[in-house]
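The numbers here are math on the coordinates, done by the rules we state, and not lab data. Please read all numbers here as calculations on a predicted model, not as lab measurements. Here Cβ is always computed from backbone atoms with ideal geometry, including for glycine, and neighbour counts include all displayed protein chains.
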Amino acid sequence: MEKLSLKDFPDSQKLTTKRSSFLESKALPNRPFVQQRNQYAVCMIKEDRCIAEFVAIMDVVERLPVYKYRRAILYLVERHATTIVVGETGSGKSTQIPQYLKEAGWAEGGRLIGCTQPRRLAVQTVASRVAEEIGVRLGDEVGYTIRFEDQTNPGTTMIKFLTDGVLIREMMEDPLLTKYSVIMVDEAHERSISTDMLLGLLKKIQRRRPDLRLIISSATIEARSMSTFFNIRRKNSMVESADRLPNPEPAILSVEGKGYTVEIHYVEEPVSDYLQAAVNTVLIVHEKEPPGDILVFLTGQDDIDAAVKMLNEEIQHRGRHYLGLLILPLYSGLPRGDQDLIFTPTSKGKRKVVLSTNIAETSLTLEGVVYVLDSGFSKQKCYNPISDIESLVVAPISKASARQRAGRAGRVRPGKCFRLYTEEYYLKEMQPEGIPEMQRSNLVSCIIQLKALGIDNILGFDWPASPSPEAMIRALEVLYSLGILDDDAKLTVPLGFQVAEMPLDPMISIMILSANNFGCSDEILTIAAFLSVQSVWVSMRGVKKEFDEAKLRFAAAEGDHVTFLNIYKGFHQSGKSSQWCYKNFLNHQALKKVIDIREQLVRITKRFGLPLTSCDRDMEAVRKAVIAGAFANACHLEEYSQNGMYKTIRTSQEVYIHPSSVLFRVNPKWVIYQSLVSTDKHYMRNVIAIEPSWLTEAAPHFYQFRTPNPVLH
Ligand code: CDP
Ligand code: MG
């Protein structure tokens, strides 16, 4: 086993996170704000809220870097159609700016202040923080909406946090987003596919709604290119009233942070196992360094869970000194209770170790972090238009990400960042910037949404970063084969429009919409709900045998989809008991979520006039409905394969069944998968066994038997 010591990080290099600001000398006095806050204080006392708590929050928010810029921000938003705010993570952009806007009256007259985030977890945590700061119940004045969860109260909600994907969906009902007075597109530097789509769409809306104000905010945006993108020329008809309209030229505001110096350390030799290296480095930092929390950047739930287990085992075996370590995972999909622990201040004598995905890079700020360990990797979406395979891949991060990660160590005092890669690698091999997700994604969902919004010329759409023509052609092909687009590349009626209306992967939507042909919509809606949550299993590495036995209790020979039906039935029969979940290694929260999502899907299908039909125990019908949506993901087991190697029918790509699947090691001859994850290999998740003849039945335009040998091609 490879061991690291602090000596492995000899070269230290200083990185400061200070920024220069052109508005430095223009910080304006804040009197009106303070007055308003005092009024708040009076209300609060009336409502009998703990005053000490309120004063503590006031104290914190007034010390945030963005506070000095409050009036400058409000001034720019008043006068400019678009304001670009750049400020380092933790400066208060997400939590404070929406509040400033509300205090300045942007939510008056029933209007909404919207703030989008690329990540669902960030939407939830930022919204609850803002509700707490204002002292209101989450879901009233301050609310949030993410897919399948709406915590807003129309008529009462003034500040609404939402994912960029949800805002794009809202455009289908309200194309000009008339409810909103200001929309803040937060974390724009992440360049997620939805953020890029949203930016293009908002630019279009601005031409029709010059009164709409946009704030584009981010930690490290290329402010100039974003400013050029939003520099819209007004139509002549608008010029007459131009004096009443905001300046179309975007304003750029740079918030000067108060980040402390961060010492950067590199390993001398490349590490072969970053997980083990991270674990060793955590233990050494705890032993050698003064108090301060540790933030470790890993890639996803799998390796975070593994590292949590490794660290907890080490703690058990080592002396008392190590019992002060508090090991906490952080990834999206984490239960609410565990999320709260992350934000609770560390008690004296303890040291928090947060093992996180790149969600802690910019979306969430953790106080108290002094040491950052950077594995140099993150899980990224990757798409190959030739093989038409989109998967999540563990890939090297960019220099920009590495700098962001390091900056997390300098929030409260000077900190240290331990990079688990060499300096030479950082300097010579790391890419300066990441590639926008738009250019490494399957575009199927994106095209459906744009088409539903009436944007037919997708290639001519004003993208912040254009997608590749190959990816575009691939997506159009798939949409055509699924019957979502017609010969003129228009959405079909009703299928195409119905798919656009469903907040699901189009393959799952087609599966639901086809289920009635097989008389099994009742079962398929349950399956669709399971496919919409991350995982219903509680992974228990320490008790693998018991865990496998629990899984076997529900396992169906047909595959994961039918297994979901068994779990669902068992959960209902138990009276939705948490005790039953605990016994069976199932996540109670996730199963409750499945029930909730299923109810929402039932409502949507009812709206389309589709009846709820059950096929009872006819699992062939269920499998055929699954194929109707996912036929393009069919695979065949290689005849002489010893290690369970499959090949995709369409592109002969090597794939394997994921160990989490009930068909792992069962290896039926023909399967269909729902999604792929890639680490060392491409792994199929949620797999079902099929008959090859069902493929030609389901998609005769896509598959045919090669004669004389009955091999599909
Ligand atoms: O958006 P930005 O990164 O500029 O900062 P923010 O998310 O608005 O965070 C501002 C401050 O609020 C930080 O000091 C956070 O620690 C704090 N905060 C918190 O305590 N709890 C949250 N759930 C969110 C933010
Ligand atoms: Mg933020």
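Give me the net charge of PRO385's neighbourhood, meaning all other residues with Cβ under 13 Å from the Cβ of PRO385; Lys, Arg count +1, Asp, Glu -1.
Values: positive: ARG440, ARG474, ARG650; negative: ASP388, GLU390, GLU470, GLU477.
Local net charge: -1.
Between segment 298-342 and segment 250-287, what is the separation of their alpha carbon centroids in Å?
Using only Cα atoms, the two centres lie 18 Å from each other.
Dividing the convex hull volume of the Cα atoms of segment 450-501 by its residue count, what figure in Å³ per residue is obtained?
Values: hull volume 4.1 nm³, N = 52.
Dividing the Cα hull volume of segment 450-501 by its residues yields 80 Å³.
With n ≥ 4 as the cut-off for DSSP H runs, can you work out [θ] at 222 nm for the chain, using -39500 (n - 2.57) per run divided by the number of residues, rounded to the nearest 500? Please list the in-between numbers first.
On the way: 25 runs with 273 residues, N = 713.
Per the formula, -11500 deg cm²/dmol.
Need one number for segment 506-712: average projected area of the convex hull over its C-alpha atoms, nm².
Values: hull surface 49.5 nm².
With the hull built on Cα positions only, its mean projection is 12.4 nm².
Reachable lysines from LYS490, Cα under 22 Å, same-chain residues fewer than 8 places away excluded?
Hits, sequence-local ones excluded: LYS204, LYS451.
HN-Hα J couplings of segment 145-160 from phi, Karplus 6.51/-1.76/1.60, θ = phi - 60°, integer Hz, Gly and Pro as x?
Computed from phi, the couplings for segment 145-160 are 9, 10, 4, 6, 8, 10, 10, 10, 10, x, x, 10, 5, 10, 10, 10 Hz.
Using Cβ counts within 10 Å as a stand-in for footprinting exposure, how do LYS350, LYS451 rank, fewest first? Write out the running numbers ahead of the final one.
Values: LYS350 13, LYS451 20.
By the 10 Å Cβ count, ascending, the order reads LYS350, LYS451.
So what are the ³J(HN,Hα) numbers for segment 80-91, from phi and the Karplus equation (6.51, -1.76, 1.60; θ = phi - 60°), rounded to whole Hz, Gly and Pro as x?
Values, residue by residue: 10, 5, 10, 10, 9, 10, 10, x, 5, 4, x, 7 Hz.
Running Debye on segment 593-677 with equal point scatterers at the Cα sites and no solvent, what base-10 log of I(q)/I(0) appears at q = 0.14, 0.16, 0.20 Å⁻¹?
Each listed q corresponds, in turn, to -0.66, -0.79, -1.01.
Taking the Cβ of GLY519 as the centre, find all other residues whose Cβ is under 14 Å away and add up their charges (Lys, Arg: +1; Asp, Glu: -1).
It works out to a net charge of -2.
Looking at segment 262-437, I'd like the Rg to Rh ratio, where Rg is from alpha-carbon atoms and Rh is Kirkwood's inverse mean 1/r. Don't skip to the end; give the middle numbers.
Values: Rg = 16.1 Å, Rh = 16.6 Å.
On the Cα set of segment 262-437, Rg over Rh gives 0.97.
Using +1 on the beta carbon of Lys and Arg, -1 on that of Asp and Glu, and nothing else charged, what's the dipole of segment 262-437 about the Cα centre, debye to 20?
Values: 20 positive and 24 negative charges, 170 e Å.
That gives segment 262-437 a dipole magnitude of about 820 debye.
Give me the number: length gained by fully extending ASN231 to ASP486, i.e. 0.36 nm times residue separation minus the C-alpha to C-alpha distance, one decimal in nm. Don't skip to the answer; put the middle values down first.
Numbers: separation 255, 0.36 × 255 = 91.80 nm, distance 3.56 nm.
Using 0.36 nm per residue and subtracting the Cα-Cα distance, I get 88.2 nm.
With the cut-off at 27 Å, tell me which of the pairs LYS160/LYS583; LYS288/LYS309; LYS160/LYS416; LYS93/LYS348; LYS309/LYS669; LYS348/LYS379 have Cα atoms farther apart than that. Intermediate results must be reported in sequence, preceding the final value.
Values: LYS160/LYS583 39 Å; LYS288/LYS309 22 Å; LYS160/LYS416 36 Å; LYS93/LYS348 30 Å; LYS309/LYS669 36 Å; LYS348/LYS379 34 Å.
Over 27 Å Cα-Cα: LYS160/LYS583; LYS160/LYS416; LYS93/LYS348; LYS309/LYS669; LYS348/LYS379.
Taking a quarter of the surface of the convex hull around the Cα atoms of the chain, what do you get in nm²?
Numbers: hull surface 134.6 nm².
Mean projected area for the chain: 33.7 nm², to one decimal.
Report ³J(HN,Hα) in whole Hz for each residue of segment 351-363, in order, from the Karplus equation J = 6.51 cos²θ - 1.76 cosθ + 1.60 where θ = phi - 60°; Gly and Pro get x.
Couplings: 9, 7, 10, 9, 9, 10, 7, 6, 4, 7, 5, 9, 6 Hz.
How would LEU177, LEU112 line up from fewest to most surrounding beta-carbon atoms within 10 angstrom?
Working: LEU177 19, LEU112 22.
Going from least to most buried by this count: LEU177, LEU112.
Give, rounded to the nearest 20 debye, the magnitude of the charge dipole that the chain has about its Cα centre when Lys and Arg contribute +1 at Cβ and Asp and Glu contribute -1 at Cβ.
Working: 87 positive and 84 negative charges, 329 e Å.
Around 1580 debye, computed over the chain.
Picking from HIS265, GLN276, GLY575, whose Cα lies most toward the positive end of the charge dipole for the chain (charges on Cβ: Lys, Arg +1; Asp, Glu -1)?
Of the candidates, HIS265 comes out farthest on the positive side.
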